[in-house]
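> Structure in structure tokens, see below.
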Amino acid sequence: MQSRRIGDVRVSAIGLGGMPMSIEGRPDEDRSIRTIHAALDAGITLIDTADAYHIGADEAGHNESLIARALAAYGGDTSGVLVATKGGHLRPGDGSWTVDGSPDYLKQACEASLKRLGVDAIGLYQHHRPDPRVPYADSIGAIRDLLDAGKIRLAGISNANPQQIREAQEILGGRLVSVQNQFSPEFRSSEPELELCTELGIAFLPWSPLGGIQAAGSLGGSFARVAGRYGVSPQRVCLAWHLAKSPVSIPIPGASRPETITDSAAADTLELTAEDLAELP
Ligand SMILES: NC(=O)c1ccc[n+]([C@@H]2O[C@H](COP(=O)([O-])OP(=O)(O)OC[C@H]3O[C@@H](n4cnc5c(N)ncnc54)[C@H](OP(=O)(O)O)[C@@H]3O)[C@@H](O)[C@H]2O)c1
């Protein structure tokens with residue numbers, strides 16, 4: 001698998017998004033473990049998670065614990081796997097998503113994630129989403145403190161606009177390594193953030209890169225046409241399109257089945273021609 005850079009760490013160019021294995025519609029644990037192991041077998045070394053990937057109010061960190069169990073149960077070497085988690089979103093149990101960006105909350109959430117992941121320092125910790133009730137500088141100040149204290153090895157942000165990316169980079173003293181925003185063929189509003197990350201050399205992790213859990217299976221149009229020429233899935237073409245968009249792009253397709261992540265992982269070997277790319281949006 002081709003690699004790309006997040007800070008000073010090299011990871012597989014395609015990551016695994018853990019969300020579908022822990023939210024509404026999730027599979028049983030056995031299938032989830034097989035999905036994570038299939039990702040590792042395929043050479044994936046970046047796993048994206050969050051403390052908020054769960055359903056019930058009493059099961060915060062469901063996805064982090066699942067990933068920790070899957071890594072522990074894997075037969076091979078997992079020392080090169082970067083687990084990227086997040087703090088700042090909550091799920092009160094009624095299906096909604098809320099935010100808390102207060103420094104005290106973020107520090108407490110990070111401690112809980114450390115315990116669930118069973119590590120001394122989190123590989124990549126991402127501030128999940130700006131909280132309109134808390135100055136952004138205060139939330140990112142907490143992330144800086146966690147970095148300075150050695151609780152997290154790398155710092156990232158998510159759902160940020162260009163101004164917030166620049167502000168975070170300044171508060172972190174140039175140590176911002178990643179930005180995770182929604183970006184897919186159908187959802188293009190983060191084009192300016194992708195451009196800024198490319199300019200600054202910061203990794204850009206498109207979330208819902210296939211259009212999201214509901215839409216991913218029905219990717220058609222030009223993606224299906226190009227896919228037909230290579231005899232591959234439209235989803236694989238879509239991920240190759242992400243890789244071709246920028247050298248800092250590292251898509252994190254979600255999966256809840258071994259076969260989908262195995263198919264997605266092969267996107268790094270699909271070289272789209274200029275003609276293919278001209279046909280895609
Ligand atoms: N930072 C944020 O605010 C934020 C928000 C949302 C998501 N995320 C992250 O981004 C990740 C990806 O987003 P997402 O899961 O919402 O959407 P997505 O990656 O666009 O789509 C996920 C769905 O695509 C299907 N899929 C994946 N590869 C496929 C393939 N090769 N062929 C056919 N179907 C395929 C999976 O099906 P199966 O389930 O059948 O395997 C899965 O349910 C999440 O898992 C999460 O880690 C972050």
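> Ala38 passes all but one of (1) within 14 Å of the ligand (Cβ to nearest atom); (2) not in a helix (DSSP H, G or I); which number fails?
Checking Ala38 against (1) within 14 Å of the ligand (Cβ to nearest atom); (2) not in a helix (DSSP H, G or I), the one that fails is (2).
> Residue check: is Ser113 assigned to a loop (DSSP other than H, G, I, E, B), polar (S, T, N, Q) and either within 15 Å of the ligand (Cβ to nearest atom) or at positive phi (or both)?
Values: assigned to a loop (DSSP other than H, G, I, E, B): no; polar (S, T, N, Q): yes; either within 15 Å of the ligand (Cβ to nearest atom) or at positive phi (or both): yes.
No.
> What helices (runs of 4 or more DSSP H) lie completely within the stretch 181-275 and have 1 or more residues being more than 10 Å from the ligand (Cβ to nearest atom)? If you could, list the steps in order and put the result at the bottom.
Working: elements: 191-200, 221-230, 234-245, 258-265.
Filter on the stretch 181-275 gives 191-200, 221-230, 234-245.
> How about the stretch 51-61: which of its residues are of a type in the set (A, V, I, L, M, F, W, C) and surrounded by fewer than 24 Cβ atoms within 10 Å (Cβ to Cβ)? Let's see the steps before the verdict.
Applying the first criterion (of a type in the set (A, V, I, L, M, F, W, C)) to the stretch 51-61 yields 52, 55, 57, 60.
Matches in the stretch 51-61: Ile55, Ala57, Ala60.
> Now a separate question. Go through the stretch 158-176 and give me each residue that's out of contact with any His (no Cβ under 9 Å at 6 or more places or on another chain) and surrounded by 23 or more Cβ atoms within 10 Å (Cβ to Cβ).
Restricting attention to the stretch 158-176, the residues satisfying the condition of being out of contact with any His (no Cβ under 9 Å at 6 or more places or on another chain) are 161-167, 169-176.
Scanning the stretch 158-176 gives a single hit, Leu176.
> Moving on to the next point. Hey, could you check the stretch 2-17 for residues that are touching a Leu at 6+ places or on another chain (Cβ under 7 Å) and outside any strand (DSSP E or B) and say which is surrounded by the most Cβ atoms within 10 Å (Cβ to Cβ)?
Selected residue: Ile14.
> Which members of the stretch 168-180 meet the condition of being touching a Gly at 6+ places or on another chain (Cβ under 8 Å) and within 16 Å of the ligand (Cβ to nearest atom)?
Those that are touching a Gly at 6+ places or on another chain (Cβ under 8 Å) and within 16 Å of the ligand (Cβ to nearest atom): Leu176, Val177, Ser178, Val179, Gln180.
A quick yes/no check of all residues on (1) hydrophobic (A, V, I, L, M, F, W, C); (2) crowded, with 18+ Cβ neighbours inside 10 Å:
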site	(1), (2)
Pro92	no, no
Cys110	yes, yes
Leu124	yes, yes
Pro132	no, no
Tyr136	no, yes
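> Only one residue in Ala149, Ala155 is within 22 Å of Thr85 (Cβ to Cβ), surrounded by 22 or more Cβ atoms within 10 Å (Cβ to Cβ) and more than 14 Å from the ligand (Cβ to nearest atom), so which one is that?
From the options Ala149, Ala155, the qualifying one is Ala155.
> Hey, another quick one. Which is in contact (Cβ under 8 Å) with a residue 12 or more places away in the chain, β-branched (Val, Ile, Thr), surrounded by fewer than 23 Cβ atoms within 10 Å (Cβ to Cβ) and in a helix (DSSP H, G or I), of Ile33, Ile67, Ile23?
After applying the criteria, what remains is Ile33.
> A further question on this structure: Can you find, within the stretch 196-214, the residue that is surrounded by the fewest Cβ atoms within 10 Å (Cβ to Cβ) among those that are without any contact (Cβ under 8 Å) to a residue 40 or more places away in the chain and over 30 Å from Gly25 (Cβ atoms)?
So in the stretch 196-214, the residues without any contact (Cβ under 8 Å) to a residue 40 or more places away in the chain come out as 196, 199-200, 211-212, 214.
Next, only the ones that are over 30 Å from Gly25 (Cβ atoms) stay: 196, 199-200.
Values: Leu196: 20, Glu199: 10, Leu200: 15.
Ranking the candidates gives Glu199 first.
> What pairs come out if I take residues in the stretch 246-270 that are within 25 Å of Arg31 (Cα to Cα) and pair them with residues that are among the acidic types (Asp, Glu) and within 9 Å of the ligand (Cβ to nearest atom) whose C-beta lies under 6 Å away, six or more apart or interchain?
Hits for this filter: Ile252/Asp48.
> Also, quick follow-up: Across the stretch 94-107, what is the total count of residues that are within 13 Å of the ligand (Cβ to nearest atom) and buried (at least 16 other Cβ atoms within 10 Å of the Cβ)?
Looking only at that region, the number is 1.
Laboratory data are not the source of any read-out in this text; all were calculated from the coordinates shown. No experiment lies behind these values; they were computed from the predicted model shown. Here Cβ is always computed from backbone atoms with ideal geometry, including for glycine, and neighbour counts include all displayed protein chains.
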